[in-house]
Amino acid sequence: MAGSLTLWSLALLQVLVFIAGAPLLTGWIRRVRSALQNRAAPPIWQPYRELAKLFRKNVVLADEASWIFRTTPYVVLAATVSAAAALPAVATHLPTDAIADVIVLVGFLALARFFLALAAMDVGTAFGGMAASREMMVASLAEPAMLIAVFTLSMTAGSTNLSTAVGYILHSGLVLRPAFVFTLVGLLMVAIAETGRLPVDNPATHLELTMIHEGMILEYGGRHLALIEWASEIKLMIYGVLIADLFLPWGIATRLTVPSLLLGSIALVAKLAFWGGLLAMVETHFAKMRLFRVPEFLNIAFLLCLLGLLSHLILEVAL
Amino acid sequence: MATLSLYGQSILVLASLILFTSFALLAQTRALPLIRLFAWQGILLAVTTALVAWVTHQPHLYVSALLTLGLKALLIPWLLIRLVNRLGLHNEVENPKANALVLLGAAALTVFCYEIALPIMRLSTLLTRNVIAVSLAVVLLGMLLIIVRSKAVTQVVGFMCMENGLFFAAVVATYGMPMVVELGVAFDVLIAAILFGLFFLQIRDSIDSLDIDRLSRLRETDE
Amino acid sequence: MILVLGYGAVVLPFAAALIALLSDLFPRTVRAGFFLLLAAGGGVSVVAGVGCLLTGGIVTGQLGLGLPGLAWHLRLDPLSGFFLAVTGIVVVAVACYGPAYVRQYQNGQQPLSALGFFTGIFVAGMQLVLLANDVFLFMLAWEIMSLSSYFLVTYQHQHAANRRAGFLYLLMAEGSALLILLAFGILAAFAHGLTFGALRAAHVPVEWATAAFVLALLGFGLKAGLVPFHVWLPEAHPVAPSHISALMSGLMLKVAVYGFIRFVYGLVVHIQWRWGLAVLILGTVSALFGVLYAIMQHDLKRLLAYHSVENIGIIFMGLGLSMIFIGTGHPVLGVLGLIAALYHTLNHALFKSLLFLGSGAILLRTHEGDLEHMGGLIRRMPQTALLFLIGCLSISALPPFNGFVSEWLTFQTALQVSVLSNTVLRAVLPVSAALLALTGALAATCFVKVYGVAFLGRSRTRRIRHAREVAWGMRVGMGLLALLCLVFGILPTLTIRLIESVPRLLLHRGLPSASVHGWLWLTPVSARVASYSAPLLVLGLVLMLALGYGLLHPRRRRAAIRRSHAWDCGFGGLTPRMQYTSTAFSMPIRRIFSPVWTLKEQTEVQMDDREPLRVAGIRYQLQISDRIWPLLYEPMARGLQLVTRRIGRIQTGRVRTYLAYSFFTLLLLLWLVR
């Protein structure tokens, strides 16, 4: 029993570290991007300062806002954290891993998005509805691509359970799989679309008409906004960890000893730093697409994931 | 999969990348990027050939790799790009209807190729026999490209793409054709490219467009 | 004992129907008595169904009713028990909802007695289909169900549109009955007798079995509303009174699913994987097209009816997967697919009835069915809004509600594709699963639209602004369904343990792996492959919500939260007309998937006469119609007309010609019987 208690507390600790560290990733991305664009960089803990400032501020609600608008930030954060809890970040085979597999994880992110879109429509402005409509459009097209990618990986590993999949990939060693190459690129594109980064959405825009994610939370302020910002930082980290788990699992702790956990944490930090750097590069290199280029972008992502599946079927399965 | 050597794995990855370039050709609607993609396919093909040559110690394959690189990755794309520049086709965008459907159809075609190639693959003893299906798919995708597009430049690229598929099959499945045949084919391709170029100039002069949908007089209608 | 309960499930609604005939004499008492009897019938059928699922037993009976020499054979087994239980739940909810809802028809143009009578007969007919154990009784009950629902569809027959919808519905229902009869006929040709036992024992050659399967797929598919036979569904379901729409969409389509499962798994038995592939493809197409058509609707009930097409598609996808796995020799996975399909059947019955009842509540209070005129109902009808939200979350397949569990099970079934050796199947299954994901995401988009436009934002019309909350009985009916949506979402393992006795009956094996780790963990294949623990997730979710709210809600700062105007770009004066409408919301989807519909878009810009560059007004018109009509039905109708006109030529109008016809017929008959 003591063993399972340790396991649960370790899992809890992992979740806490995960959500506490998420703003750091955002800070890192901003730093790298500033460096790439020859700008003076804000300190890496700037997102924490912003969150703290928002938490201190009072909330102002729009006239038409109902209880949906007020509960949405809590629901969004809770759903996102639940998704984060199901992810093996530092160590595998923690008890929280078994609660949800990848499909459930996608489901929880969808739940958060559903509420966010509802909240956007709750205030009764044109911007909210527009942003909600666009966000749901992007999500509808991203989801099948994501699922195909997940299918390819889970067909290779024989499981949708992330811990098992990570274990399989670690066990089979360094193998060049064409399916993984395509799936990786496809999944990266999906991740960019889903987390609302450039070139799909501009998180730093100031023009309401070009907003997707920011348009939905236009009316939020104070602690509500803080919760939502934090949730989207966690979401960004979820995608980073997910991609790291599936394609670069090396270093993750499979045994629960102090040195391996330490190694796992260091490996995680390194992988996330890489992920952040990659995102910053992409954001520096590409301009934002027109809205109706986004379906084409996601179509290509879908095609890549489908090609991954096909090459798994054709090239990797022994006759 | 895990039992394959690093060589086998790299061949598979290269094969899938070549398949990917074929899909990308189908997705690309502008002339210059299309030709560039075709050049990339040539480079990948050359790399594959060189890899096979290195592993199987067949020096004549190095020659074919060089030929492929020179012809398909450099010379023919250069010719085509020059042609596009001369005829001012940079901004011509093809607008194939239901591009997503064509791509899904291409995916289905790939599965079909696998199904067709299964008996051949069972006969082969080479490690890389899975690739036969891919090369067949590349050939058919090239043909699909010719069918769904109307611009002449795309048609030429589609034709060359078919040839690439055949060459790829020859290299990977049987470690290359005899040198004489290869040289002959390479020469044919080159001549074809030049002829196409001349032909372009001609039809451009006579019908003032490179849209081959307008070359439809050869049918039994009462005009 | 259980069979007596089963009889009760048929007899009580029938009695209710008879009572309803008196309702013009004593309206109030009869209404109470009618819905009490209906609820009792529903309750009895839940008890009978659940009891049968728990014991897994089979009871048969025989009644000397009907034609002489053709006794009614009845049978209650886990399959019919499952569907009885589903029917019962929805009937109970509708019976709670009904009394307050039908009051609006009291002084209407149509007698309330007709509505009550046909409702009772309709429910009794459905229950009788589930209990039938021979072809004769099955078809009889099927016709009772179809005909009584025809009268319900045309209940408000003063509108020409309703009469047209009713006629289309009748035509399709009879076509489906004919096809089903033919399918039974093929089996009966090889069997001794018309009971289901005899049909099952028959040795049918594969070609004939395939023919019977195709006929059954067409027949039951017509009734269930698979694409391309769905055209009657969005016409017929919305025009009936809302609680009847709930019964039709929630239950009658399920009876068609029951018939299909009974026919394929219970009677034909030797399932081929090619059949499964056909079912899978039809199901995928239905799911995708259903949701794409739904998303373009702005009439709430029509939108919900199209979503029924989608959900029936998902159910058939599960069945198709199951048949593929059974046909290729993997019965365990076949069980998984069947359970996924049955689970989704249960879920769809719950949330679709809930949503139809909710739309009925809106209609009752606002007389408004068009989304474009709604808005802000969450402030007028807060409890209905909450219940409707639960329905929306469930149908959008979001965790932790029930729709998610069944879609997750379907995904898990599709993922087991690596056991198959056929490459085409291995490519088709994941692609169909990806299309299922697309369907789910589009459904979420659609319900964000529905909920956002109808319940959130500002009210667009005066009627909406003056809406009030509905009577408690209606809220109880919806609340029951909403609660069950949550329960079946949180406790999937226990539910599966209950459903399991259906595959135990049909395929002689259960799914022990699903619940091997206790009620907390759902592990469809094994814990290594996939696991889902809804109770723990909900616990975590609730804890986090409580923690977040407790920590952040300002108890010290007593001051009320400041309210202010929403951001209006500094121009001032946001009006309800500036909100995103339902048509605007679905515009990106319309643009991306434009070849799916026949779209007629027109924009007229009127310029100001005095200032040539100033726009005085813009008129936008959009017409969306179903592609299936011009592609399939209109040519069919034209062909039919052509043929009938040819045949019509023998109608000469001269008496002597008719005599000649009789004469030649007589000669032919004499020659035949000589």
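Here, each number is a calculation from the coordinates, and none is a lab measurement. Everything numeric in this text was worked out from a predicted model, so none of it was measured. All Cβ positions, glycine included, derive from the backbone under ideal geometry; neighbour counts span all protein chains shown.
Springs join every pair of Cα atoms under 10 Å in this Gaussian network model of chain A, and among A:Thr71, A:Thr152, A:Thr160 the largest mean-square fluctuation is at A:Thr71. Derived scalar couplings between HN and Hα for the stretch C:395-401 equal 6, 7, 6, 9, x, x, 8 Hz in order, rounded to whole Hz, by the Karplus curve 6.51 cos²θ - 1.76 cosθ + 1.60 (θ = phi - 60°), x for Gly and Pro. For the pair the stretch C:385-430 / the stretch A:249-319, the C-alpha centres are spaced 24 Å from each other.
With a simple spin-label model that places each label point 7 Å from the Cα along the Cα-to-Cβ direction, the separation between A:Leu278 and B:Met143 comes to 3.8 nm. The lysines whose alpha-carbon is closer than 23 Å to the alpha-carbon of B:Lys151, local same-chain residues fewer than 8 away aside, are B:Lys72, B:Lys97. Extension gain for the segment C:Thr652 to C:Arg164, taken as residue separation times 0.36 nm less the Cα-Cα distance, is 172.6 nm to one decimal. Using the Cβ-Cβ distance between C:Ile58 and C:Ala32 with R0 set to 30 Å, the FRET efficiency works out to roughly 0.20. Take the Cα of C:Ile561, go 7 Å toward its beta carbon, and none of the backbone nitrogen atoms of the stretch C:391-417 fall under 11 Å from that spot. Legend: ranking of residues C:His243, A:His285 from fewest to most surrounding C-beta atoms inside 10 Å; resulting order A:His285, C:His243.
Placing +1 at every Lys and Arg Cβ and -1 at every Asp and Glu Cβ, with all other atoms neutral, what dipole size does chain A have around its Cα centre, in debye to the nearest 20? Each step should come with its number before you reach the end.
Numbers: 20 positive and 19 negative charges, 165 e Å.
For this selection, approximately 800 debye.
Inter-part distance, the stretch C:36-59 to the stretch C:328-365, computed on C-alpha centroids, equals 19 Å.
Annotation: amide H-H contacts under 5 Å for A:Val60 (H modelled 1.01 Å from N, sequence separation of 5 or more, or interchain): A:Gly221. Look at the dipole of the stretch C:591-652 built from charges on Cβ: of C:Ile592, C:Leu640, C:Pro612, the Cα furthest out on the positive end belongs to C:Leu640.
My understanding is that a pair violates if its Cα-Cα distance is over 21 Å; which of A:Lys57/A:Lys235; C:Lys254/C:Lys301; C:Lys223/C:Lys449; C:Lys301/C:Lys352; C:Lys352/C:Lys449 do that in this structure? Going by Cα-Cα distance, A:Lys57/A:Lys235; C:Lys223/C:Lys449 fall outside the 21 Å limit.
Computed from the C-beta positions of C:Arg465 and C:Val542 and an R0 of 30 Å, the FRET efficiency is 0.30 to the nearest 0.05.
What the Cβ-Cβ distance of C:Thr665 and C:Thr644 gives, at R0 = 35 Å and to the nearest 0.05, is a FRET efficiency of 0.95. In terms of surrounding Cβ atoms within a 10 Å radius of their Cβ, C:Ser662, C:Ser432, A:Ser154 rank from fewest to most as C:Ser662, C:Ser432, A:Ser154. Close amide H pairs (under 5 Å, H built 1.01 Å from N) link C:Thr598 with C:Ser625, C:Arg627, residues at least 5 positions away or on another chain.
Once the Cα-Cα distance is subtracted from the 0.36 nm per residue extended length, the C:Ala616 to C:Val206 segment shows a gain of 140.6 nm. Cβ-to-Cβ counts within 10 Å put C:Met474, C:Met296, A:Met146 in ascending order as C:Met296, C:Met474, A:Met146, the fewest first. Seen against the Cα atoms of chain A and their longest principal axis, helix A:222-247 is set at about 20 degrees. Shape verdict for the stretch C:591-652, please, from the Cα gyration tensor: rounded (a/c under 1.5), prolate (a/b greater than b/c) or oblate. Because a/c hits 1.5 or more and a/b fails to exceed b/c, the stretch C:591-652 counts as oblate. Model label points for B:Leu109 and C:Leu3, set 7 angstrom from Cα along the Cα-to-Cβ axis, are 6.2 nm apart.
In this rough spin-label picture, where each label sits 7 Å from Cα along the Cβ direction, the C:His517-A:Thr71 distance is 3.0 nm.
The H on the amide N of A:Ala253, modeled in the peptide plane, is under 5 Å from the matching H of A:Ala91, A:Thr92, A:Gly264, each at least 5 residues off or on a different chain. Taking each residue as 0.36 nm, the span from C:Gln602 to C:Met578 lengthens on full extension beyond its C-alpha to C-alpha distance by 6.6 nm.
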